[in-house]
Structure formats: structure tokens, C-alpha cells
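So the structure is just underneath, and the comments pick up after that.
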Amino acid sequence: MQDKIDQLKKKIADAIKDVHSSDSLFQIKMKYLGKSGEVSELMKGMRDVPKEKRPETGIIINALKSWAEDQFGKLDKSIKDRELKKLYAAEAVDVTLPGNTCKNGAYHPNTLVRRELISVFAGMGFTVYEGPEIENDYYNFTALNTPADHPARDMQDTFYITDNLLLRTQTSAGQIRVMEKQKPPIKILSPGKVYRSDDDATHSPMFSQMEGLVVDRGITLCDLKGMLDEFARKIFGNGVKTRLRPSYFPFTEPSVEVDVSCFECGGKGCRLCKGTGWIEVLGAGMVNRRVLEGCGIDPEEYSGFAFGMGIERIAMLKYGINNMKLLFEGDTRFLKQFKG
Amino acid sequence: MKLPLSWLKDYVDIDISAEELQTKLFGCGFEVEELIQTGKDISGVVVGEVISCEPVEGTHLHVCKVDCGAHGVKQICCGADNVAAGIKAPVALVGATVYATGKDHVTIEGVMTIKKGKLRGIESEGMLCSGVEIGVNGDMFDGGDYCGLLLLPESFENGADIKPLLGLDDYIFDIAVTANRPDCQSVTGMAREVAAVLGKKFKEPDCSYTVEEKGEKVAVKIIAPDICPRYIAHYVKNVRPAPSPLWLRRRLALCGLRSINNLVDITNFILLEMGQPMHAFDCAKLEGREIVVRRAVKDEEIVTLDGKSFKLSADNLVICDGNKPCALAGIMGGENSEITEQTSELLFESAKFARDSVRKTARALGQHSDSSALFEKGVNEYTTEKAMGRALHLIQKLGCGVVTDVHVDVKTEYSHDGAKEMTVSLKKINALLGIEIPAETAVTILRSLNFGVTVKDDSLVLQIPAYREDIDGYADIAEELIREYGYEHVKGTFMPSALITNGGYSEEQKAENRLKDNFAALGMYEISTYSFYSEKDLDMLHFADGAPERNFIKIKNPIGEDLSVMRTTLAPSMVNTIVRNLRRGNTEGKLYELAKIYLPRELPLENLPEERQMLCIGMFGGYTFFDIKGVLENLADSLNIKFGYAPAQKCYMHPGICAEISCGDVILGYAGRLDPQICEELAMEKKAFIAELDYDKLKTLAQPFKYSPLSKFPEAVRDLALVADLNLTCGEVEKEIFSACKYVTEVKLFDIYVGRQVGEGKKSMAFNLTFTPKDEAFTPERIDGFIKKILGNLKRNLNIELR
């Protein structure tokens, strides 16, 4: 019996010497350890072994069996490891190849600036109102204290459709529509397209403005300044200051031009601010009492301020765009950069 | 407006530098756009006296010894034809900078530095200069235009710096004056402001004159008082036209005006100094010794001083004599009454014309002048009166005429000056500004601006200067105070008295933001194009003559034809953008624009038109119709609605690749491939797909998403392969399936096949159907029942068989 076992052991050892795949290993395993495999047959042969020798023989056969299982197990593991390695190698990719992306789109720079501005002012309690782009002379000029013979009408070259209808030259026109309907407290933003007969690198016949209006009791020029300070910090960065200087708009009195300290050079003077340390960003002022009166708001009781800025101008300043035309050409090389 | 510092100094003592003054003016509302220094390129030039002057044989040169005072005697070689011993001329010493001139000795070609050198072997230490070389013309200094040496008077001291002697140390302020301050459009106007900001006294210009003789009467009649509220005329006789004296010529020259003769120069001088445009008529040429101010008769003609001829209309104001128009009021005089060398008597005009009348006429005729520019801004009658006195004063100062007693001053019922009394509350002013300006300071500031001030309790009783027509209420006074007091006193506060308001976007604006976010996630780029284009852009997309898109609003005064029509569809702008991209070598892109179109309710336009927001999508490069349709499906899904698609025709679309897009009964727009014929016409080498939807309608259809509880019962999925007629659309089949069974929640086409196996004129379509149970689970038999019903309906209504 021992001989048989030794022979079998040798046979198994020989058989698994050249096994390289889990399939053939399985075949061999079945051949020896399967139900009618050679080791199992040995077990069955126990019947012929004399009774007194059976326990001893059983131990020997079981030892062979566990030895064989152990051999197969070890081999199986090493083959599996090898096969996995092969699989890994076969499936390996060049991770530097480009990814399968859905390309990002982009927002128009005006949309980005507009959103940013609205979010700043919405936090201060402003709501958004959008008025018509084709306006009456009344809303665009007369109600804004700019009667027909007023020289300020020449400040903005107007596109006319008829003697009375025109393309609005300023979003201020929307102010009047709001003040006619709504009574104080009023805090509105009026963004939108406006039109002027002007066409060069810094002017476009169509551009966008954002107008702001506050009317309530006891509103002062200092309140305007306080709000603009906040605006400048949020839009242009902490540390950016504002400066008011006298100006003129028919619908505000006093009127101011608002400069922000240059966010590029910090006010030392650079190309962006033309060496002055300041950049002009918007016009503002205290709402002219005639404008309030015209809308049925008592200027003795209420006061207010208004401000207006060019959205493209802010966009050009913020992103360093040097030609306004780019904003309206729709060139994909330009557009794709403004991811928002 | 150009303002020489030397001229300002006649009316106010200025003891700070030009740069400091610039800063002060900026602070009180007058931006100096440019500070120009006269003679800024000239240095190291002194007065020299030629002591000896010997010709250099065989050349045009002379070798001179020039006494340069403290700088010593220099040997200078000179080629000028007027060099001679005994003359005085400017000497550019070694190291000096002067202008280099061209061969003509007139054209300035740059700045050069004088070096020690040799001319024809003769040593020369410096250069004798002409007027041009040191930046002086004939109006700046006598002889300045001559191409030889500028001869200087004997009184100039040898070796003295030439710049102060020739007015080359002056500054010119180019000032932007805001539209509310026409009274500052002059030397004296700005001098008043400078006096106020420096706390100095303003010295009034001398407007005094004496009547020397009696004259023959002149009549002035104003027939159009609404646009000529005031007219002052004064008769001057025995006038002697002659060149103006140097001081006057130089002032005009500094402001960029050429001298003509003393009489004309006086009117130009007063325009600059007082801000009142004046006119001088040759009185002998006025028929009937009469001035009539009236509107022109239609087609009446006038030839202005510059020789241009105009046909007039009733909108134009003219100054006539007893017979004919002699001037375009406020714009330019007529040739027929022009001052000439022969003029012996003149009539001065100082008048006020309505600003819009002058503006309209100047625009309509395309005839603009310094005079019209001032009238358009507005003149005040205080100055109109003063200017006449100043003109007569100058006639006498220059000794070029005899001032008569003939002075006609017509004040019509429209005449007024700004002088008025006004009471303002300092408390209210401070409340508007949000700061406390001390009463004493306020009084000092207002007095410095020539306001009469009396303090009465908290109020200030003010006498407004007659030239300040802009002062209208206490807010104007607040502005006067704060601009002088200084804006740096305004400290930021945060509306302590205002009520809290709830800010933010409206639902509609939020929806718009979501749309843009969604499109950005889909890789779309947002564009913005002009709201106007050309009628040709509609031709480009083959819009028929009667197409509704041709019912557009036209701009009366467009920049050009290509921007003259308010758009009625966004598609042409999108196509143009795609073409521009392709021409620039950008080979693909997904674009969209959300913008308005303008639809007239009637034409010609009387009411505000409808402004309808449209959404236009454009894709070019390697895309198919189903890519643009995919974007639309995504859009619909984001609004929780479904779009219907039906084959349609649109003039600019491929007839076989165009769908009408609807939602329920509402037609929203079109999507399709740009007609290849149009692509060819536009030389587009890539396919383009366009969609345009009515966003105003679309936004009303949007539904909020609704959560529905997860079904307890599993969904059942079945595939159906059908054989249908070739021309049947997928949409029709889907619709039929949905209507046949209410439990069908999704129908997805996953295969389509045309070929022999399904027979001629047929196609196979394979669908994936999802059945969603509601109250109980489906048994397989139940689903078989649904399928049976669906197949029955398909067979009956659409002649579809199961494959």
C-alpha cells in the first residue's frame, strides 16, 4: 500500500509540474481527487485491506489526500495570480490619453457680470425689473427731467423709430415705470440692453446697463456712498475704495461720477488706470425732485439715489477685454473661456 | 474747451501751479481732459544779437558772432536770408531742444537737440532760429510765420530765456464742462469758478465804453420771439479793418483760432472770453437799415461766409435785413453782409437764440460752428448784455471804430435772466447729503460763487447770480456746497432709515438662470448679437416677400443700412455668427442666444411694439439633426414638459430635415438643418442646424417637477418589432402606442431597418415599451392583453404589423 501511495504521490507531483492554466489544473485535480479519481479509488480499496491495518492505511491515504489538496491549492493560487497579472497587463491603459468628457459650455461675459451684480444687490434687498427696450420719448427723456430742448439729449445719440418712439438710451427709463406703479420703499435693479448711435473700440450701438434705484424716507448721499463701497468691494475685491466727484445727469441732483481705486495696481498708477490710480465705473446721484414729483412721489417726504453702470464696461475691466466688438461677434475661441 | 492759463490770470490771481489747479478743478466738477504746455519741446533758447555777419564764399551761409549775454559770444553759422549784423534773433545754444523742420522750413518733423558742429568746415556753436523752429507762428509773435530768422525787438535783453518773452511758458487747459454749466464755457466763466475754488476775487472784464457820436437809427424787429427771446444791436461807424494787435492774435492762437482782422477778431475774442457768440454785419450792406429776426420761408436761400449755399425751411431761424436773410441765426453770417477790407460801418449783434432751434438747424443743414456749439449748450442774457459792452470797449481800445449812440435792445416776452431769490433750508440740504456742513462754511462757499446770502434762522435767503440758469432748487445748492466743500466729506452709511426689503430674482428670472446653467452643462456657448440688422439678412435666409418676418420696425436714423431693421427673428444673426466662426477657422460649436424680437402691433408704429423673447440655437461642425433635437429634448425635460415634433417646411431649412416644435396645442418654433442651398450661397463648408423657439410661450408652459411615490410593483418591459409603411414617422407610432394603453410610461425606439427582409415600401421599427403598474402588480396575462390591444390599434389605424 505504501508503495502504491508513494507511486501515486510521484504521479501527482509529475502531473502538476507542467500545469500552467487553471483549466488543466482542474482536470488533474479531478483525475486524482474527483469522485472516481485515483485517490478516491484508493479509499474505496480500503475494503480489501485487513481490518487491523485499516486505521493505519486510512491515516496514510488521508495524509496523501491532504498533501495533494495542499499542492493543488498552492498551485491554483500561483496560477490564478499569474492569470490575474496577465489580465491586468492586458487591460492596462495609457492614463494620459484624453478623457471622455462632455465639454463644458460657457456664459456670455455679460451674463456673468449681470449675475454677479444682481447677487450683490439682491443681498441688499433689491429686486430686478426689466422694462421695454423700445420706449416713449416720455420715459426715456421727459420724465427723467430732460425736456425736448435740453442739451443733455445730445449727450446720447438716440436711435429714433418715430418722433415719439425710440430705442431706449438708458435703463433709467425703467425707473419711471417702477416709480409710477410702486410706492416707497423702492429698491430695484433694472438691467437691460440700451442703444446709442456710437460705434468704435469702446462704444457699441447696443450695450447693456444696470440701473439701481432706492427711494425711501431719509435716504442720503452718504447712503449712496456706503452702498457703492460695498459694491466695489464685492465686485472688484476687498480693499477697493470708491471716490465720488461732481458730474451732471439731468435726473439726479447732486450728480456724481464714481471711480474705484485701481484693482490692478492698488492705486499706484498703471496702464489700466492710465496712471491715475482710479477707474471710472459708474454715474450716480440723488434722484432729482422733479423726477420724483413726476411719478407722484412727494419729494418732501421721500428722497432717493440712483446709479447706473455699463455691464460691458465692467466685464471689460474685470476680464481685461480690450475691444467691445468681441462681446458681440460670437467667436467660439472667445466664448468658450467664460465658464462662469 | 481750451482755456489758456495766461488769459485766466487776467481775471483771477492764480498763485498755484497749473497741475495743482488741474486737481482743484477736478475736485469741483471740471475735468481737465488735457493739460497742454506751450513750448514744452523748446529749451535752451535765448535772445541773441548778431554783432558781426560775414558771408562764406561760394555758399549761402554767413558766419556770425552772436552776443548771447551771460552765455557769452558764440560763433554761429547761419543760412537764413535775413541774417545781418545788428539784428536780434532766438539762439538755440548747444544742448538746446527745438523743432526740426523739413526742406520747406515750415513742416515740423520732430524735436532735435543742438550740438556743437561744423558747417562747411566752419565751427558753429548753436543755431539762430526761425519762428517755426521754436513753435511760434505769426499770431503768436510778429514775423513768426517767416521761414527765415524770427526777428526780435531791440528791447529784448541779450541772453534772456526766450520762452516767457514769446508766451511759450503758458498752459492750456482742455476742460470738459458738463451740460448743466453752459455759463462756464468761457474764460470768464471758468475764471469765476477758479476764483471760488481758490478763495480769490473774480475781476470783472472791462465792459465800459463811451458813446462818441450820434448815428443813423437802425430798427430791430423780432417776429419769432419764442426762439429769439433777446436781441441787442449796436451801430459802430468809421470802422477801420486792420490786422489785430499781437496780444489779441496770440490769445486767439492759443485757443486754436486764426486771426482775420480786428473787427472779426473782436467777435471771436468775445466768444472765447465771455461765452457769447456775436456777429458783425457790414451795416452798409443791410437794406433798409433794418434787422428782422424770423423763421425762414420754405426754400429761401442763403450763402454763408464759408461760401456754402443752403436751401432753408420754416424750422430755420434767420436774421434778415429789410429784404433778405443775412445770417443763419446763431450759426454763421451770410456772405452778403460779410465784413471786408472795405467795410466802413458795422452793426454788432449780441443775442440769445433758443438752444434746440439752433441745434435742429445746425443738424438739419450739417452746418456747425463754434457759435452754434455755444448756443446749443445755452447762453444767458446776463452775458448777452455784458458781451456787447465788452465788444464796444474793445473797438475803442483798439481804436478801430467810432461807437455811436445807436443801441437797440429788444427784450421779448420770452426774455429772462437767471437772477432770482430763493430760500433754502440748510437742514434739508444736510439731510440730503447726510453730513453736516457748518452754516458759516456754507455761507462762505456760496458767497465765493457770487450768490448773495442772508442767513435767516435755519434758512439761507439766496440771490442767485443772473448767469446761473441751472439753479432750480435746494438740491442744486446742495451740489454747489458739496463740490466746493469736498466729496471726501461724504462717508459711507448703510441706509439706516430705510425699510427692510426682500430682494432677489423673480421666478421668471430664476428660470432663465436655470436654462443658461443647463445649456452650459450641455456644452453650449451663449452669444449676444445686435438687436438690429439689415433687410438683406432676411433675404439671406430666403424669407418670402409677404413673410411675417418682413413686418419689421425700421430705425429712422440708423448708423448704416446694415443696422437699420429691428429683428423679427434671431435666425439670421445666428447664421451670421456661424459664418463668421467658419471664416475664422473655428470648425465647430454649439451656440445659443436668448434675446428679444420686436413685433409691431401696427405700422407705422404708434404704440410700443411687442418685445418677444426668443431662444435660438445654432450648431455647426460634425453634428446631426438629432444632436440639436437632443438639446431640445433636454430643454423640455428640464421644464418637465414634452415637445412634439412634426415634419414641417421653413424657408431657410432643408425641406426634408425640419420639424415644427410644439407642446400640446402650442406651436413653439422650428428646428432643422440650414438649407444646403443657403450654405452654398454663404460658402459654408460645414452643415449647420438651427432652432428658434418662442421663449415667452415656452416659459408659461414650464411645470414644476412633482415627486411621485415609488411604485410598490415592478415595471414591466417588453420589446415590439413592427413593420410599418416607409413614410410613417416614429412620432405617429409612439402617439398611437401611448393612446392605446394608459399604463405605457415610456416608448423608446431602439432599432430601425429598411431592406429586403421587410419588403418594398416598408420598414421595421423596434420599440422598447415600459408598463408601469399603479394599484396592483401586472400578471403576464395582463401585459399580453395590453400588447394585444396596442397591436390591434396599430394595425387598424396605421396598418402596422408585428414582425
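The values are calculated or read from the model by the stated rules, or taken from the named source; none is laboratory data. Just so we're clear, the structure is a prediction, and the values are computed from it rather than from any experiment. Glycine gets a Cβ as well: all are built from the backbone with ideal geometry, and neighbour counts include every protein chain shown. Please note that ligands, DNA and RNA were not included when accessible areas were found on the heavy atoms of the full protein model with its side chains. Shrake-Rupley method; radii C 1.70, N 1.55, O 1.52, S 1.80 Å.
Structure summary
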{"item": "Pick from segment B:478-499, criterion at the interface with chain A (Cβ under 7 Å from one of its Cβ atoms) and hydroxyl-bearing (Ser, Thr, Tyr), ranking: surrounded by the fewest Cβ atoms within 10 Å (Cβ to Cβ)", "result": "B:Ser497"}
{"item": "Residues of segment B:712-764 satisfying the condition of being assigned to a helix (DSSP H, G or I) and of a type in the set (Lys, Arg)", "result": "B:Lys735, B:Arg756"}
{"item": "Count - residues of segment B:331-364 that are assigned to a loop (DSSP other than H, G, I, E, B), open to solvent by 10 Å² or more (accessible area, probe 1.4 Å) and within 14 Å of chain A (Cβ to nearest Cβ)", "result": "1"}
{"item": "Any hit, segment B:81-90, residues being charged (D, E, K, R), open to solvent by 40 Å² or more (accessible area, probe 1.4 Å) and part of a loop (DSSP other than H, G, I, E, B)", "result": "yes"}
{"item": "Residue count, segment A:215-260 (criterion: in a strand (DSSP E or B), more than 19 Å from B:Glu479 (Cα to Cα) and at the interface with chain B (Cβ under 7 Å from one of its Cβ atoms))", "result": "1"}
{"item": "Matching option when the condition is more than 14 Å from chain A (Cβ to nearest Cβ), more than 28 Å from B:Ile482 (Cα to Cα) and crowded, with 21+ Cβ neighbours inside 10 Å, among B:Gly389, B:Gly401", "result": "B:Gly401"}
{"item": "Residue identified as within 30 Å of A:Met316 (Cα to Cα), touching a residue at least 12 places away in the same chain (Cβ under 8 Å), over 28 Å from the mean Cα position of the chain (by Cα) and open to solvent by less than 40 Å² (accessible area, probe 1.4 Å) among A:Gly58, A:Gly131", "result": "A:Gly131"}
{"item": "From B:Leu462, B:Leu481, residue being in contact with a helix residue (DSSP H, G or I) (Cβ under 7 Å, 6 or more places away or on another chain), in a helix (DSSP H, G or I) and outside the structural domain of B:Thr384 (by TED's automatic domain parsing)", "result": "B:Leu481"}
{"item": "Residue under evaluation B:Glu290, criteria (1) touching a residue at least 60 places away in the same chain (Cβ under 8 Å); (2) in contact with a helix residue (DSSP H, G or I) (Cβ under 9 Å, 6 or more places away or on another chain), criterion not met", "result": "(2)"}
{"item": "Residue match in segment A:179-199 (condition: more than 23 Å from A:Glu116 (Cβ to Cβ), under 32 Å from the mean Cα position of the chain (by Cα) and either touching a residue at least 24 places away in the same chain (Cβ under 8 Å) or open to solvent by less than 10 Å² (accessible area, probe 1.4 Å) (or both))", "result": "yes"}
{"item": "Residue match in segment A:110-120 (condition: facing chain B (nearest Cβ under 7 Å) and of a type in the set (Gly, Ala, Ser))", "result": "no"}
{"item": "Within segment B:434-477, considering residues that are away from chain A (no Cβ under 14 Å) and in contact with a Pro (Cβ under 8 Å, 6 or more places away or on another chain), the one nearest to B:Lys420 (Cα to Cα)", "result": "B:Phe451"}
{"item": "Qualifying positions in segment A:303-340 - over 27 Å from A:Val256 (Cβ atoms), of a type in the set (A, V, I, L, M, F, W, C) and more than 10 Å from chain B (Cβ to nearest Cβ)", "result": "A:Leu326"}
{"item": "Residue satisfying all of: in segment B:133-147; in contact with a Phe, Trp or Tyr (Cβ under 9 Å, 6 or more places away or on another chain) and either under 17 Å from B:Gly110 (Cα atoms) or not in a loop (DSSP other than H, G, I, E, B) (or both); least open to solvent (accessible area, probe 1.4 Å) among these", "result": "B:Ile134"}
{"item": "Qualifying position, being free of Cβ contacts under 8 Å to residues at least 24 places away in the same chain, more than 32 Å from the chain's Cα centre (by Cα) and closer than 30 Å to B:Glu290 by Cβ, among B:Lys397, B:Lys386", "result": "B:Lys397"}
{"item": "Residue list for segment B:516-532, filter: more than 7 Å from every other protein chain (Cβ to nearest Cβ) and open to solvent by less than 10 Å² (accessible area, probe 1.4 Å)", "result": "B:Phe532"}
{"item": "Lone unmet requirement of (1) open to solvent by 20 Å² or more (accessible area, probe 1.4 Å); (2) out of contact with any strand residue (DSSP E or B) (no Cβ under 6 Å at 6 or more places or on another chain) for A:Pro250", "result": "(1)"}
{"item": "Looking only at segment B:588-639, and only at residues there that are among the basic types (Lys, Arg) and in contact with a strand residue (DSSP E or B) (Cβ under 6 Å, 6 or more places away or on another chain), the one that is farthest from the other protein chains (Cβ to nearest Cβ)", "result": "B:Arg612"}
{"item": "Odd one out for B:Pro558 among (1) within 11 Å of another protein chain (Cβ to nearest Cβ); (2) touching a residue at least 40 places away in the same chain (Cβ under 8 Å); (3) farther than 30 Å from A:Arg217 by Cβ", "result": "(2)"}
{"item": "B:Leu635 vs. criteria more than 19 Å from B:Val575 (Cβ to Cβ) and either under 41 Å from the mean Cα position of the chain (by Cα) or not assigned by TED's automatic domain parsing to the domain that holds B:Thr569 (or both)", "result": "yes"}
{"item": "Any chance A:Tyr129 is among the aromatic types (Phe, Trp, Tyr) and more than 7 Å from chain B (Cβ to nearest Cβ)", "result": "yes"}
{"item": "Condition check for B:Glu535: in contact with a strand residue (DSSP E or B) (Cβ under 7 Å, 6 or more places away or on another chain), under 27 Å from A:Leu335 (Cβ atoms) and among the acidic types (Asp, Glu)", "result": "no"}
{"item": "Selected residue (criterion: nearest to A:Ala15 (Cα to Cα)) from residues of segment A:41-57 that are in contact with a helix residue (DSSP H, G or I) (Cβ under 7 Å, 6 or more places away or on another chain) and in a helix (DSSP H, G or I)", "result": "A:Leu42"}
{"item": "Restricting segment B:567-587 to residues that are out of contact with any helix residue (DSSP H, G or I) (no Cβ under 8 Å at 6 or more places or on another chain) and of a type in the set (A, V, I, L, M), the residue that is farthest from the other protein chains (Cβ to nearest Cβ)", "result": "B:Ala571"}
{"item": "Filter pass, B:Asp265 being open to solvent by less than 10 Å² (accessible area, probe 1.4 Å) and either among the charged types (D, E, K, R) or not assigned by TED's automatic domain parsing to the domain that holds B:His234 (or both)", "result": "yes"}
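Residue by residue, here is whether (1) touching a His at 6+ places or on another chain (Cβ under 7 Å); (2) modelled with pLDDT of 95 or more; (3) assigned to a loop (DSSP other than H, G, I, E, B); (4) in the same structural domain as B:Lys377 (by TED's automatic domain parsing) holds:
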| site | (1), (2), (3), (4) |
| --- | --- |
| B:Pro153 | no, no, yes, no |
| B:Phe156 | no, no, yes, no |
| B:Ala179 | no, no, yes, no |
| B:Val194 | no, yes, no, no |
| B:Pro205 | no, yes, yes, no |
